[in-house]
Structure formats: C-alpha cells, structure tokens
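What follows is one structure encoded as structure tokens, with my remarks underneath.
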Amino acid sequence: MPASDLPPAAAILGCSGPALTDGERRFFARVNPVGFILFARNIATPAQVAALVADLRATVGRADAPVLIDQEGGRVQRLKPPHWRKAPAGAPFARLAARDPAAAVAALRLNYRLIGRELAALGIDVDCAPVLDVPVAGADDVIGDRALGADPVMVATLGRAVVDGLLDEGVLPVIKHIPGHGRAMVDSHHALPTVHAARADLEAQDFPPFRALADAPWAMTAHVVYTAIDDLPATTSAKVIGEVIRGLIGFDGVLVSDDLSMKALGGGFDERARRALEAGCDLVLHCNGDMAEMEAVAAGTLPLCDIARERLARAAAAKRRPGNLDTAAAALKVERALAGA
C-alpha cells in the first residue's frame, strides 16, 4: 500500500545527509511520517536542498508534507553563507527595542521576511522560531542571545514580529519552548532541567509571551520539569499540556515535542514517543537521522489523530501570499537599524 493511502504517523523525522539513502526512502515510505526536519548535515547548496526537500515529500506521496528547519539567525542557523544570508540573533533586536521599540519590531519583521523568503525558495515551509523563552539571571546559555529580551511584554511584542514576518512569506512559525525554557539552569540537550519557581512567578514571567501568541500555528514543547505543576517534563506531562499549554495559555495549534533524542528525556525511544503523544503532543520530533533510533520512535508513534489533522490544516491555512520584497534593500535596512544596537 503506498504511503499516501496510510494514515500518517504523528512524527517529524530527520535524515542522515544531503541526499536520501535507499534505506531512508524505504523507511519513510513505510512509516509515512507527517513531515521532516533538516539540519546542517543536510545542507550543501540551494539546488541540493530543494532536491532533498522534494525527495523527502516524494517518499510519503504528499507534496504538502511539512518540512521544518531551525533558522533563527545567530548561532542557530542551518542555512549559512555563502549561499544564504547571515541573519542576526535575537539579542540585537532586544537591545534596539530598549531604545526604539517600533524600529525593533519593523526590523525584526523584515529580518524574518528575508529568512522566510530563503526558506520558501527551497520548499521549506516551517521555521522553528521565534524563541519566546524569558531568561533569568544565572540560567544556562542554551537560550542566551537567542532570546528576544528579558521583559515578557517586549518578548511577546518582538515574537509577534517574527510570526508575522514568516507568515508574510508563506512560512509557518513555531513558538518555542512552551511553556518556557528561560529558567533552565542546565541545557536540556544534555540533562533534564528542573525549575522550582512558584506557579505565580511562572504565570507572571514565563507564560505571558506564549499566551500573547497563542494564536500561532505551531508550538514546540520544553523538556523542562516545573515542580509547581508536575514532576514530569512538559513534553510528557498531561497536566502541563492540558492545564497550562492548552488551558491557561490557550494554545490550540499544532503542538510538537522538542527533539526526542535530547538527553533531558529518559527511557527507550518508543517509550519517549508514546509518552509525549499520550500526554497531548500532536506530533513528536526526532532530529538526528539515526535509523535505529527512528525505528524505535516509529514503533512508539501513534497514527495522526483527527484533532491533530484539523490543527495541521488550520495552520497551513494561516500562510499568507508573499508580496514584493527587494531583498538587498531589506537586508540593508535591517543592518542599518541594528547598527550600534
């Protein structure tokens, strides 16, 4: 039975290199993941990336299968010079916002229009940005200069500019890491962060940017324990997802887990996938392209449920038709706005 006749598996998966292996083609055709994610190891030239994106979609027989990437700018940028523009991180826009909020919003939206245009030209239609985490003093640098500031109101304002800039170019933004990674004292890539802040403090500082952008089409969970709410990481906590993310924050878009291969999570990969989906994630994400791990993820992944399918369709409908954009002039405007910031 061709992949297109099967219910998609509720997973976003990576691949190992710049071109698919025969084994990857067979695996994706059999498993039929909802979509895919690209990393630096998958990137060489524009023509190669576009071909890989098309090849990935061909394996599942769906031209609209989402293809994700982390293209924030700064140190989290999979598409790099010389083929793609070197985009700034979030921190310079936060500094500009401290003295001229309107200029920061305009520059940031333009910056993400430029990013979105580069992605759309390759067929990539989901960008894992903006970072809405509000860092605190002493937090691990995993967020660091990726953040859009330390004031929740300004983070929300600048986050909206990112969302709008990407949507302007027909690319779907992913707000992350919901409900907030800014207090983590360890990097969730390497260990499980445990946040002991009172719930009132979380509601005052960490949750507001996500609440302000609860209409975003996609969100990515945080592999973080909030002891005031539950003893499980948000990704696998039905209480955090149901009570906070879907409830208090009010997010009703596509909820994807952060990468299941991060060391913050324990247990086998089938168990990680199953727990995240059972807790309320719409999709699970596995990034590193390791075939043995992906086989295990697939074993624990459920078919896409009806409400997740509806959320995906609603998200896709949020894309806007791109207008005219002089990319050279726009890049110069961003550069000049940030000069001295």
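Structural remarks
- Over region 3-336, the pair-distance histogram of Cα-Cα distances with 10 Å bins from zero comes to 6, 28, 36, 24, 6, 0 percent, rounded to whole numbers.
- Which of 84, 218 has the fewest Cβ neighbours within 10 Å, and the rest in rising order: 84, 218
- Rounded to the nearest 20 debye, the dipole magnitude of region 3-336 is 840 debye, with +1 charges on Lys and Arg beta carbons, -1 on Asp and Glu beta carbons, and the Cα centre as origin.
- Helix runs (DSSP H) in the chain reaching 20 Å along axis by Cα, Kyte-Doolittle at least 0.5: 46-60, 101-122, 152-168
- Put in order of Cβ neighbour count within 10 Å, fewest first, the listed residues 237, 257 become 237, 257.
- Computed over the chain, the per-residue total of -39500 (n - 2.57) for DSSP H runs of n ≥ 4 gives a 222 nm mean residue ellipticity of -11000 deg cm²/dmol, rounded to 500.
- Each DSSP beta bridge with both residues in region 3-336 is either parallel or antiparallel, and the antiparallel ones are about 15%.
- Simple rule: put +1 on each Lys or Arg Cβ and -1 on each Asp or Glu Cβ in region 3-336, find the dipole, and look at 19, 241, 96; the Cα lying farthest toward the positive end is 96.
- When you filter the trypsin sites (Lys or Arg not before Pro) in region 83-174 for DSSP loop state and at most 16 other Cβ atoms inside 10 Å of their Cβ, you are left with 86.
- Pairwise FRET efficiency - residue 228 versus residue 40, Cβ, R0 = 51 Å, nearest 0.05: 0.90
- For the residue pairs 80/176; 176/333; 176/319; 263/319, the alpha carbons lie more than 25 Å apart in 176/333; 263/319.
Laboratory data are not the source of any read-out in this text; all were calculated from the coordinates shown. None of these values were measured; they are calculated from a predicted model. Positions of Cβ are generated from backbone atoms using ideal geometry, with glycine treated the same way; all protein chains shown enter the neighbour counts.
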